[in-house]
Amino acid sequence: MHSGPQHVMIFAAGFGTRMRPLTQDKPKPLIPVAGMCLLDRAISLAQDADKKVTVNGHYLADQIAQHLPEDISFIEELGEPLETGGGLKNALPKLGDGPVFTLNPDAVWKGPNPLRLLEAAWEPARMDALLMMIPQSSARGHNGGGDFALDLDGRLLRDKTGLIYSGAQILKTDLLRSHPKDIFSLNEIWQQMAARNRLCGVVYPGKWVDVGTPAGIGLAEDLLAESEDV
């Protein structure tokens, strides 16, 4: 048995440019879908998995800070946006020394809690990161191709015809701590892990909607309204 990560970092610092005009005066994580905003949906996944939550913010960060309850940590990114890698590195003092979950709030899931599935599949002895992947047939609202393919051992290989990265993962933070820059993408960390054959993935068995555009809101609400046997 192994102990899984205890912290979830929710990325809420983006400008939400694809969601305009809805993000003109509201950050994308606070956009409602079926009566519940995207950020609260992400927080509920973390709380269902019994994890501590940290949220970052940059664009209209005051709205996010005011929205959060007191038991959730908030980090405002000042100056330039730090991107995903820099944002996570900046939050490490609140996240501890071990591996962490990260979660993008701009998605709606239908099926089992992806964080619980990641934790059940996490094997730290052979993994530096474990990404939740979506088959293109199970994804809605996603423009473009895939991101990775899985080999027979569950390792990820870059492949635009393959699986889509869902925005949920477990990640060891050693490479973040030693990264020389403050502003960088997690793609740089994944590349280093893949070179060591320690970037792994697991396939989500349910449905998933990319809520990155206004059209994605309707797709997500349609999915949530579907009966379980659809």
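Overview of values
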| read-out | value |
| --- | --- |
| Some residue of the stretch 57-75 being more than 26 Å from L117 (Cα to Cα), among the hydroxyl-bearing types (S, T, Y) and in contact with a Phe, Trp or Tyr (Cβ under 7 Å, 6 or more places away or on another chain) | yes |
| The stretch 56-74, subset out of contact with any Leu (no Cβ under 6 Å at 6 or more places or on another chain) and hydrophobic (A, V, I, L, M, F, W, C), residue surrounded by the most Cβ atoms within 10 Å (Cβ to Cβ) | I64 |
| Pairs with Cβ under 7 Å, 6+ apart, first in the stretch 123-149 and free of Cβ contacts under 8 Å to residues at least 60 places away in the same chain, second crowded, with 18+ Cβ neighbours inside 10 Å and in a loop (DSSP other than H, G, I, E, B) | Q136/G146; G146/G162; D147/G162; F148/G162; A149/G162 |
| Scan of the stretch 151-170 for residues that are out of contact with any Pro (no Cβ under 6 Å at 6 or more places or on another chain) and within 13 Å of M9 (Cβ to Cβ), ordered by number | G167, Q169 |
| Residue match in the stretch 36-49 (condition: at pLDDT below 90 and more than 15 Å from the chain's Cα centre (by Cα)) | no |
| Residue, most open to solvent (accessible area, probe 1.4 Å), within the stretch 75-108, restricted to residues that are assigned to a loop (DSSP other than H, G, I, E, B) and closer than 20 Å to M193 by Cα | D97 |
| Leading residue by the ranking (modelled with the lowest pLDDT) among those in the stretch 1-29 that are among the basic types (K, R) and assigned to a loop (DSSP other than H, G, I, E, B) | R20 |
| Filtered residues of the stretch 113-141 (kept if open to solvent by 60 Å² or more (accessible area, probe 1.4 Å) and either within 13 Å of G167 (Cα to Cα) or over 16 Å from the mean Cα position of the chain (by Cα) (or both)) | A120, E123, A125, R126, Q136, S137, R140 |
| Any hit, the stretch 154-168, residues being assigned to a loop (DSSP other than H, G, I, E, B), open to solvent by less than 10 Å² (accessible area, probe 1.4 Å) and closer than 18 Å to F101 by Cβ | no |
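The values are calculated or read from the model by the stated rules, or taken from the named source; none is laboratory data. Predicted model, so just to flag it, every value in this text is computed and none were measured. Glycine gets a Cβ as well: all are built from the backbone with ideal geometry, and neighbour counts include every protein chain shown. Keep in mind that these areas ignore ligands, DNA and RNA; they rest on the heavy atoms of the full protein, side chains included. Shrake-Rupley method; radii C 1.70, N 1.55, O 1.52, S 1.80 Å.
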